[in-house]
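K.L.:
Below you will find the structure I want to go over with you.
The values are calculated or read from the model by the stated rules, or taken from the named source; none is laboratory data. Keep in mind the model is a prediction, meaning the values are calculated, not measured. Cβ placement follows ideal geometry from the backbone for every residue including glycine, while neighbour counts extend to all protein chains displayed.
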Amino acid sequence: MSGMPGAFRIFVIVLAVVAGLAPIDSRLVERWYSTGIYPVVQGVLTPISNLFPFAVLDVLLLVGLMIAGVVLVRSVQRTRRKKTWKPILLTLTRLVSSAAMVYLAFLLLWGLNYRRISMSERLLLERDQASSQVILDLGRTSVAQLNMLHQPAHEEGWRTSPWRERSMQNAYESVLARLSDARPAVPGRLKSSLLGPYFRWATVDGMMNPFGLEAIANPDLLPFEKPFVAAHEWAHLAGYADESEASFVGFLTCVRAAAPAAYSGWLFLYWQINSEVASADRRQLASALAEGPRQDVAAVGERIRRGQIPTVRDAGWRVYDEYLKANRVEEGVRSYGLVLTLLARARFEDNWAPVSRDPRTPNQ
């Protein structure tokens, strides 16, 4: 019996390594996990996490850190008392096996979505590539929409939390139904977290807790930023793990909803295009903004500048880049910008309704 725990720990570590490195058919993941098992899990965990006004992630982190700290302190005490390194080595082995179990839980609860069918395989694409002219045209459209929507959006305001906004819920469900036949995902309550200061310093707008399937946001977000951030995290909750795909789903959710959410979606797209186009095109787009949207863009820029700490920001994004690459997102953080490629190449029907195709057939 004494050998069983050690054997089990080795088994868990080996299983985690195999699960992380072994190739797997994306269509198998799509069929059995992303549109099969995962929606059931999400349909249970997200409603539970929505019941709590605080982030479940905070509780998990605090409990995990406390347990790890207690275990390490006790192993050091035993090492000093027995004058042997065996207690520390045993503790490190247990911590590694615990980390392996956490990784396996991550994969089962959400992480396997990184290996599902890509959005480019899911959509009917009209163009072979996204030209700079098409991207610039999207930028001009975003400017026109911001100018048109500014007054009605601000008059209606952002008084209702996104997860209680019926027009956003309806838009979210309609977009998801266009992309797969999975059961509708449950929108998440947008929460604050003890990680809020880090979000501020690292210029992170939000995240999705893969263990509690909840949406967490930067506490400094301006009211007109929240609908898009919520919709982006909802896309993660629906199993779209890739950042560009989550932004694609989030943008379409917002622009198909009421004016305040639509304004938030177009504001996101303006910012994204602004970071991709040449400086001359950037100036051209900025000059076409009306006074109201220009003030909102400036307010977002000021929020980011006021809160960020460059060293924390750069280190945080480097770590996240490695995290994405470890989960088979080859572009790393550059994947955020690929949402423009999807929007520029995809075919849409009225009201930005994406046209999907059978991913088993070659793209035309």
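K.L.:
If you scan region 179-215, which residues turn out to be basic (Lys, Arg) and either surrounded by 19 or more Cβ atoms within 10 Å (Cβ to Cβ) or out of contact with any helix residue (DSSP H, G or I) (no Cβ under 9 Å at 6 or more places or on another chain) (or both)? Steps first, answer last, please.
P.N.:
Filtering region 179-215 down to residues basic (Lys, Arg) leaves 183, 189, 191, 200.
Answer for region 179-215, where residues must be basic (Lys, Arg) and either surrounded by 19 or more Cβ atoms within 10 Å (Cβ to Cβ) or out of contact with any helix residue (DSSP H, G or I) (no Cβ under 9 Å at 6 or more places or on another chain) (or both): ARG189, LYS191, ARG200.
K.L.:
For region 154-173, give me each residue that is among the hydroxyl-bearing types (Ser, Thr, Tyr) and part of a helix (DSSP H, G or I).
P.N.:
We begin by selecting, within region 154-173, every residue among the hydroxyl-bearing types (Ser, Thr, Tyr); these are 160-161, 167, 172.
SER167, TYR172, listed by residue number.
K.L.:
Further, regarding this structure: Any residue in region 204-221 that is touching a Pro at 6+ places or on another chain (Cβ under 8 Å) and closer than 27 Å to ASN147 by Cβ?
P.N.:
The answer is no, given that none of the residues of region 204-221 is touching a Pro at 6+ places or on another chain (Cβ under 8 Å) and closer than 27 Å to ASN147 by Cβ.
K.L.:
Could I ask something else about it? Check region 276-296 and report whether any residue there is free of Cβ contacts under 8 Å to residues at least 40 places away in the same chain, in a helix (DSSP H, G or I) and hydroxyl-bearing (Ser, Thr, Tyr).
P.N.:
Yes; the residues of region 276-296 include at least one that is free of Cβ contacts under 8 Å to residues at least 40 places away in the same chain, in a helix (DSSP H, G or I) and hydroxyl-bearing (Ser, Thr, Tyr).
K.L.:
Select from region 195-237 the residues that are under 17 Å from LEU324 (Cβ atoms), aliphatic (A, V, I, L, M) and either part of a loop (DSSP other than H, G, I, E, B) or not assigned by TED's automatic domain parsing to the domain that holds ARG159 (or both) and list them in ascending order.
P.N.:
Listed by number, the list holds a single entry, VAL204.
K.L.:
Taking the criterion of being outside the structural domain of GLY188 (by TED's automatic domain parsing), among the β-branched types (Val, Ile, Thr), in a helix (DSSP H, G or I) and in contact (Cβ under 8 Å) with a residue 24 or more places away in the chain, would at least one residue in region 73-89 satisfy it?
P.N.:
Kept after step one, since they are outside the structural domain of GLY188 (by TED's automatic domain parsing), are these residues of region 73-89: 73-89.
Subsequent filtering for residues that are among the β-branched types (Val, Ile, Thr) retains 73, 76, 79, 84, 88.
Checking which are in a helix (DSSP H, G or I) leaves us with 73, 76, 79, 88.
Applying the additional criterion that residues be in contact (Cβ under 8 Å) with a residue 24 or more places away in the chain yields none.
Within region 73-89, not a single residue is outside the structural domain of GLY188 (by TED's automatic domain parsing), among the β-branched types (Val, Ile, Thr), in a helix (DSSP H, G or I) and in contact (Cβ under 8 Å) with a residue 24 or more places away in the chain.
K.L.:
I'd like the full set of residues that are farther than 16 Å from SER275 by Cβ and either surrounded by 11 or more Cβ atoms within 10 Å (Cβ to Cβ) or under 21 Å from the mean Cα position of the chain (by Cα) (or both), limited to region 304-313.
P.N.:
Kept after step one, since they are farther than 16 Å from SER275 by Cβ, are these residues of region 304-313: 306-307, 309-312.
Passing the criteria: GLY307, ILE309, VAL312.
K.L.:
Okay, next question. Show the residue pairs that are 6+ apart or on different chains and have beta-carbon atoms under 7 Å apart, the first residue being within region 113-137 and part of a helix (DSSP H, G or I), the second being of a type in the set (S, T, N, Q).
P.N.:
So the pair list comes out as ASN113/SER34; TYR114/ASN327; ARG115/SER26; ARG122/SER356.
K.L.:
Do you know which residues across region 55-97 are in contact with a strand residue (DSSP E or B) (Cβ under 7 Å, 6 or more places away or on another chain) and more than 24 Å from ALA16 (Cβ to Cβ)?
P.N.:
Residue satisfying the conditions is ALA55 alone.
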